[in-house]
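The values are calculated or read from the model by the stated rules, or taken from the named source; none is laboratory data. For clarity, every value in this text was computed on a predicted model and none was experimentally measured. Glycine gets a Cβ as well: all are built from the backbone with ideal geometry, and neighbour counts include every protein chain shown.
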């Protein structure tokens, strides 16, 4: 009696795959691993610090103080009528979240090379976990920002909210996806060219000045305003200030451009990452 049995596989790993096969279903299947990475990253970052998560508050407050002294008092840059602490905090918390996502995502595969060569899991989970772990830090700093707003309101400062405040979750999502997409592009390059990581650390510091962290977009004129306004991170910061303070050059056209550019960066990052994924274990 011959028995015919069919082998059933719940996972098939193949060296041949389409560049557009982004394996989004695998991310959901490995969601427990994603959660574990998020908690590990969050705990490991402050495990050996004395103040621990208190640094979430110290870093933006210290940076805000420096910006007020240098750009507000010495340089005399405009803040569009927004109180200086609130103006700078809005830009700082947005920029910090984006830059952390970009820098940590770009280095994640070199730092986690030992894990990548031992077990299979969707590699995109590793940069994605950094987006979520940094989001925890962003939420804590957002609480600080809201407390600062409350303080100024109690002191009698008139602050006007706008309907653009409802777009705040979308703006932060675009910020996260921009960091994820650009980070994956850079991570694909750093697997072969280590110099890219060194240049990125220096370049991110300069890139901040191409956004409106320390100055309003309305203070610029002509082509400079147009060029700075094409930066998606500028639009996020301007959108946040528009929502909370009704100040900033942000409208529905800006939102459409932001969504489109974010989608392009994310898809491009996923495709490039998907292309080099099968080979980067041999090069890191």
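Couple of notes before you dig in:
- Residues that are in contact (Cβ under 8 Å) with a residue 12 or more places away in the chain, over 22 Å from residue 268 (Cβ atoms), out of contact with any strand residue (DSSP E or B) (no Cβ under 6 Å at 6 or more places or on another chain) and surrounded by fewer than 21 Cβ atoms within 10 Å (Cβ to Cβ) are absent from region 172-192.
- Set 68, 82, 92: member being assigned to a loop (DSSP other than H, G, I, E, B), touching a helix residue (DSSP H, G or I) at 6+ places or on another chain (Cβ under 8 Å) and at pLDDT 75 or above: 82
- Meets criteria (part of a helix (DSSP H, G or I), modelled with pLDDT under 90, surrounded by 13 or more Cβ atoms within 10 Å (Cβ to Cβ) and out of contact with any strand residue (DSSP E or B) (no Cβ under 8 Å at 6 or more places or on another chain)) for residue 255: no
- Residue 281 being modelled with pLDDT of 90 or more, touching a helix residue (DSSP H, G or I) at 6+ places or on another chain (Cβ under 9 Å), surrounded by 14 or more Cβ atoms within 10 Å (Cβ to Cβ) and in a helix (DSSP H, G or I): no
- Among residues of region 151-160, those that are loosely packed, with under 13 Cβ neighbours inside 10 Å and either under 19 Å from residue 94 (Cβ atoms) or in contact (Cβ under 8 Å) with a residue 24 or more places away in the chain (or both), counted: 2
- Residue within region 201-216 that is in contact (Cβ under 8 Å) with a residue 12 or more places away in the chain, more than 19 Å from the chain's Cα centre (by Cα), part of a loop (DSSP other than H, G, I, E, B) and farther than 25 Å from residue 275 by Cβ present: yes
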